[in-house]
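Structure first, then comments.
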Amino acid sequence: MDTVLNHDETIKGMVRGNLIISAGAEVIVRGMVAGNIIVKEGGKLKLYGMCTGNINAENAEVRVFGTLIGSIFSKDSKVFIDPKAAIKNEKVN
């Protein structure tokens, strides 16, 4: 089951399934996403917690400070990876 966010939100618990961030929304993940995170055009993600899947972003902003088990797939996106972040796989453009 997908969770779609169309507004600014801070997630402190767990999301099971894909998290979809719509245009104009800024989402801060301090908890865990057990699935993929999809950031739509104009969306913003700050990951302080954990994501067990991939991050897919197109014309979006992604900042990773926490743990990512998958990869980052970005197209025309701003991606920042904190030096202390733990990413199992690599960033793929």
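Values in this text are rule-based calculations from the coordinates and carry no lab data. A quick note: this is a predicted structure, and the numbers were derived from the prediction, not measured. Neighbour counts run over all protein chains shown; Cβ positions are idealised from the backbone, glycine included.
A Cβ-based charge dipole, computed about the Cα centre of the chain with Lys and Arg at +1 and Asp and Glu at -1, lands at about 300 debye. Contact order for the chain, expressed relative to its length and based on alpha carbon pairs under 8 Å spaced 6+ residues apart, stands at 19 percent. Shape descriptor for the chain: Rg over Rh equals 0.91 (Cα atoms; Rh from the Kirkwood inverse mean 1/r). Rg/Rh, computed from the Cα trace of region 39-93 with Rh as the Kirkwood radius, has the value 0.92.
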